[in-house]
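Enquirer: Below is a structure I'd like to ask you about.
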Amino acid sequence: MTIKNLIAGGALLAAGILPVAHAGATLDAVKSKGFVQCGVSTGLPGFSATNDKGEWTGLDVDVCRAVAAAVFGDASKVKYTPLTAKERFTALQSGEIDMLSRNTTWTLTRDTNLGLNFAGVNYYDGQGFMVHKSLGVKSAKELDGAAICIQAGTTTELNLADYFRSNGMKYEAITYDTSDETVKGFEAGRCDVLTSDQSQLYALRIKLKDPKGAMVLPEVISKEPLGPVVRNGDEDWLKVVRWSLFAMINAEEMGVTSKNVDQIKKTTKDPGKQRLLGLSGIKGKGLKIRDDWAYQIIKQVGNYGEAFERNVGMGSPLKIARGLNALWNKGGIQYAPPIR
Amino acid sequence: MTEQSNDEAPAAASFWRDPRKRQWIFQILVLALVGLLFAYIFHNTLFNLEKRGISTGFDFLDHEAGFNILMSLIPYDETYTYGRTFLVGLLNTLLVSAIGIVFATIIGFVVGVARLSSNWIISRLANLYIEVFRNIPLLLQILFWYFAILPLLPHPRHSIQIGELFLNKRGLYLPKPVFEPGFGWVLAALGLAVVASILVARWARRRQEATGQPFPVFWTSLGLIVFLPWLVYGLAGFPLSWDLPQLRGFNFRGGLGVIPELFALALALSIYTAAYIAEIVRSGIQSVSHGQTEAAYALGLKRGQTLRLVIIPQAMRVIIPQLTSQYLNLTKNSSLAPAIGYPDLVAVFAGTTLNQTGQAVEIIGMTMGVYLFISLAISAFMNWYNKRMALVER
Ligand SMILES: N[C@@H](CCC(=O)N[C@@H](CS)C(=O)NCC(=O)O)C(=O)O
């Protein structure tokens, strides 16, 4: 008896080492537990940070909320796991979170070696440098010999090495675990420069005690397409996340906002909008979720443009211009496949 | 005898009735089961990793790392491999642990003895030290020393200068010795002096045991060790020069730099562990009964001799096993390094390398193996030492 139990227990244990993947595993699990477990940063204003009421807000958080709205019709059905750059992939691989929406750059190695799938790009970024104004540095080319604070486990670490090597310059990298320590190290003067994706530099700058004492240099040294990530081998879930993001972008393109969506749903004759709002076409069948999934996203979270302006754009302390993140027909490169 | 046993075990009973054999069989069965279980877990893990498209194996150790490490005891830059980052991290872990162990031991012994001082203020102060540093979480202490010291230091352009020594937010910069040909002789002379001192010490002890006459071993050895190398150094034409640190651009170049991360981490580890060592030393000394001291005095030994020859050897037997576990703790605690950016094994290998390659199973396995090995090595050494000390008993 006991030995049988032992074997059964052992087998369970072994099977539990990694959750066994099948195509619909995550979507089914999410549906049955009733919420999405979403990995976010430990606090990056504008992308994922808690507000004074203790609620998570930000552009990355809005992707989590969009997925919850699509699956449950309720954007608040999300639980958040704050993760440092170093922890994030292990958390996703091990099944601790269902999706990762934490300013994560899509790269070849990550896409192919880590057992992950990138669902899309919700922010086109590039790496930049922030320096103390008192140094009088105007360009990254003047940084030979500088001490540079970075966060461990980021693409930032690698780009930095490439940039300095190809420009024949030397540097000293002080690598911290969390963004709080990185900022503190910069403030305490341990390093001359803090480097990170540019959007994050603006976000971290408003965390400084004296934001005016620091400036962001003009150079952008890399491509950082940031987007939500899911585990490999779970196509159903990948598609739900991917199309939740696409719905937000398509809604902006069609001019459907959280304010006018009800009105449009009632009156529209435009077949494109009808398909978007689940009035005709394939609706939610292909994604195996509710028919009005995109309507729920737009109603509760808003379209991509609304989310951008609210979190990082002109309606936020960060005041980042749309730039690359404008729609493809407005001078940017944000582009989503059509809903049809 | 033989006949009797024949009677009692007719026809060697059945195999299953013999409790000894049965025990063996069960043991082997359990062992085999555990082995199978592990094999199954191993296989299952590999299978799942494969299925998820997560790379496995140790090939990554040969791939170019491509990231910078703040401090390295061996040559390293971005073009070296992940295997090299393992070594760099390992050496940095060993360095900070070794420094921590030395200073924790020194501070710990001083505080431990002070704790027993008959001077009320000194013993209260020692007690305060122990209570404060033992009860504040180590991580907080590390962060405190790091972020408390940093703002006090000046920017490189306004470094504190003492002779050719510079101190600023980037660290402490010292002249670096450059050994020129001929310096080998000086080292040889030093080695010779050390060997000679050991021989003198042996001879002196034997003589003292035989005749009772003491010999000033300490001063003789000191003389030998200081004088001989200097003499050779002069004879060889002073074959040593210094690479001086110089301010260029953002910071000092050349010289020998000690980064503040190493300083803060070693300091925090030493101070924290010393509080425990002090208590161990106190209990060790108190375990030697006062009668021993009185007996030593009655034999006419001086105070210092009593402490050195009677009390400490006996106290050591109590102290050493506990000291071992403190050394182990210190080494393991050094893995808090990533919090302040000291590039130890956990920060460099289990941190950045893991994140860049994603091979968690292999990397965490290797890292755990290292800590296990260090722990076993320290405790093996201490067991050996302990045995030697224990033999002194008559
Ligand atoms: N996009 C880069 C960098 C991402 C990253 O972690 N950036 C830091 C900037 S300092 C951050 O967001 N830290 C926030 C945190 O650790 O919670 C990557 O994917 O590797």
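The values are calculated or read from the model by the stated rules, or taken from the named source; none is laboratory data. As the structure is a prediction and not an experimental result, all values here were calculated from the model. Note that each Cβ is placed from the backbone with ideal geometry, even for glycine, and that neighbours are counted across all protein chains shown.
Enquirer: So residue A:252 fits all but one of (1) touching a strand residue (DSSP E or B) at 6+ places or on another chain (Cβ under 8 Å); (2) charged (D, E, K, R); (3) in a loop (DSSP other than H, G, I, E, B); what number is the exception?
Expert: (3)
Enquirer: Next question, about the same structure. Kindly list the number of the only condition in (1) assigned to a loop (DSSP other than H, G, I, E, B); (2) near the ligand (Cβ under 10 Å from one of its atoms) that fails for residue A:97.
Expert: Unmet condition: (2).
Enquirer: Next question. List, please: which pairs have Cβ atoms under 6 Å, are six or more places apart or on different chains, and start with a residue in region A:159-173 that is modelled with pLDDT of 90 or more and end with one that is part of a helix (DSSP H, G or I)?
Expert: A:171/A:164
Enquirer: So which residues in region A:111-122 are in contact (Cβ under 8 Å) with a residue 12 or more places away in the chain and either touching a Lys or Arg at 6+ places or on another chain (Cβ under 7 Å) or away from the ligand (no atom under 14 Å from the Cβ) (or both), if there are any at all? Show your work before the answer.
Expert: Initially, region A:111-122 is screened for residues in contact (Cβ under 8 Å) with a residue 12 or more places away in the chain, giving A:114-122.
Hits for region A:111-122 are A:115, A:116, A:117, A:119, A:120.
Enquirer: Only residues in region A:76-91 that are closer than 18 Å to residue A:36 by Cβ and more than 11 Å from chain B (Cβ to nearest Cβ) count as the first member; pair them with residues that are small (Gly, Ala, Ser) and within 9 Å of the ligand (Cβ to nearest atom), Cβ under 9 angstrom, at least 6 apart or cross-chain, and list the lot.
Expert: The qualifying pairs are A:80/A:48; A:82/A:41; A:82/A:43; A:82/A:48; A:83/A:41.
Enquirer: Give the residue, chosen from B:333, B:251, that is surrounded by 15 or more Cβ atoms within 10 Å (Cβ to Cβ) and in contact with a Pro (Cβ under 6 Å, 6 or more places away or on another chain).
Expert: Of B:333, B:251, the one residue that is surrounded by 15 or more Cβ atoms within 10 Å (Cβ to Cβ) and in contact with a Pro (Cβ under 6 Å, 6 or more places away or on another chain) is B:251.
Enquirer: Give me the residue from region B:170-220 that is free of Cβ contacts under 8 Å to residues at least 40 places away in the same chain and charged (D, E, K, R) and, out of that set, nearest to residue B:258 (Cα to Cα).
Expert: Among them, the one singled out is B:202.
Enquirer: Could I ask something else about it? Take region B:266-291 and flag every residue that is modelled with pLDDT of 90 or more and over 19 Å from residue B:111 (Cα atoms).
Expert: The answer is B:291, and nothing else.
Enquirer: Within region B:250-261, is there a residue that is assigned to a strand (DSSP E or B) and more than 14 Å from chain A (Cβ to nearest Cβ)? Show your work before the answer.
Expert: Going residue by residue through region B:250-261, those that are assigned to a strand (DSSP E or B) are B:251-253, B:256-258.
From what's left, more than 14 Å from chain A (Cβ to nearest Cβ): B:256.
Looking through region B:250-261, at least one residue is assigned to a strand (DSSP E or B) and more than 14 Å from chain A (Cβ to nearest Cβ).
Quick grid of which residues meet (1) within 20 Å of residue A:69 (Cα to Cα); (2) in contact with a helix residue (DSSP H, G or I) (Cβ under 6 Å, 6 or more places away or on another chain); (3) buried (at least 17 other Cβ atoms within 10 Å of the Cβ):
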position: A:248; (1), (2), (3): yes, yes, yes
position: A:263; (1), (2), (3): yes, no, no
position: A:282; (1), (2), (3): yes, no, no
position: A:291; (1), (2), (3): yes, no, no
position: A:294; (1), (2), (3): yes, yes, yes
position: A:297; (1), (2), (3): yes, yes, yes
position: A:325; (1), (2), (3): no, no, yes
position: A:331; (1), (2), (3): no, no, no
position: A:335; (1), (2), (3): no, yes, no
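Enquirer: Any residue at all in region B:351-367 that is under 20 Å from the mean Cα position of the chain (by Cα), surrounded by 17 or more Cβ atoms within 10 Å (Cβ to Cβ), in the same structural domain as residue B:266 (by TED's automatic domain parsing) and under 18 Å from residue B:88 (Cβ atoms)?
Expert: Within region B:351-367, one or more residues are under 20 Å from the mean Cα position of the chain (by Cα), surrounded by 17 or more Cβ atoms within 10 Å (Cβ to Cβ), in the same structural domain as residue B:266 (by TED's automatic domain parsing) and under 18 Å from residue B:88 (Cβ atoms).
Enquirer: Which one is surrounded by the most Cβ atoms within 10 Å (Cβ to Cβ), of the residues in region A:29-57 that are away from the ligand (no atom under 11 Å from the Cβ) and in a loop (DSSP other than H, G, I, E, B)? Explain how you work it out, then say what you get.
Expert: Step one: filter region A:29-57 for residues away from the ligand (no atom under 11 Å from the Cβ), giving A:29-38, A:50-57.
Filter again for in a loop (DSSP other than H, G, I, E, B), leaving A:34-35, A:51-55.
Details: A:34: 11, A:35: 16, A:51: 10, A:52: 5, A:53: 6, A:54: 6, A:55: 11.
So the residue we want is A:35.
Enquirer: Here's another thing I want to ask about it. Could you list, in sequence order, all residues of region A:173-226 that are in contact with an Asp or Glu (Cβ under 6 Å, 6 or more places away or on another chain) and near the ligand (Cβ under 8 Å from one of its atoms)?
Expert: Correct list: A:197, A:224, A:226.
Enquirer: OK, next. Among the residues of region A:72-94, count how many are assigned to a loop (DSSP other than H, G, I, E, B), within 15 Å of the ligand (Cβ to nearest atom) and at pLDDT below 95.
Expert: Total satisfying the criteria: 4.
Enquirer: Within region B:105-128, identify whether any single residue is modelled with pLDDT of 90 or more and touching a strand residue (DSSP E or B) at 6+ places or on another chain (Cβ under 6 Å), and answer yes or no.
Expert: Within region B:105-128 (the criterion being modelled with pLDDT of 90 or more and touching a strand residue (DSSP E or B) at 6+ places or on another chain (Cβ under 6 Å)), the answer is no, since none of the residues qualifies.
Enquirer: Further, regarding this structure: Show the residue pairs that are 6+ apart or on different chains and have beta-carbon atoms under 9 Å apart, the first residue being within region A:123-148 and of a type in the set (Val, Ile, Thr) and away from the ligand (no atom under 16 Å from the Cβ), the second being at pLDDT 95 or above and not in a loop (DSSP other than H, G, I, E, B).
Expert: A:137/A:129; A:137/A:131; A:137/A:193
Enquirer: Could I ask something else about it? Can you pull out every residue in region A:101-110 that is more than 10 Å from the ligand (Cβ to nearest atom) and closer than 24 Å to residue A:58 by Cβ?
Expert: Of everything in region A:101-110, just one residue is more than 10 Å from the ligand (Cβ to nearest atom) and closer than 24 Å to residue A:58 by Cβ, namely A:101.
Enquirer: Sticking with this one: What pairs can you find where one residue is in region B:43-71 and on the phi > 0 side of the Ramachandran plot and outside any helix (DSSP H, G or I), the other is surrounded by 13 or more Cβ atoms within 10 Å (Cβ to Cβ) and among the hydrophobic types (A, V, I, L, M, F, W, C), and their Cβ atoms are less than 9 Å apart, with a gap of 6+ or different chains?
Expert: Listed pairs, sorted by first residue: B:53/A:114; B:53/A:116; B:66/A:158; B:66/A:161.
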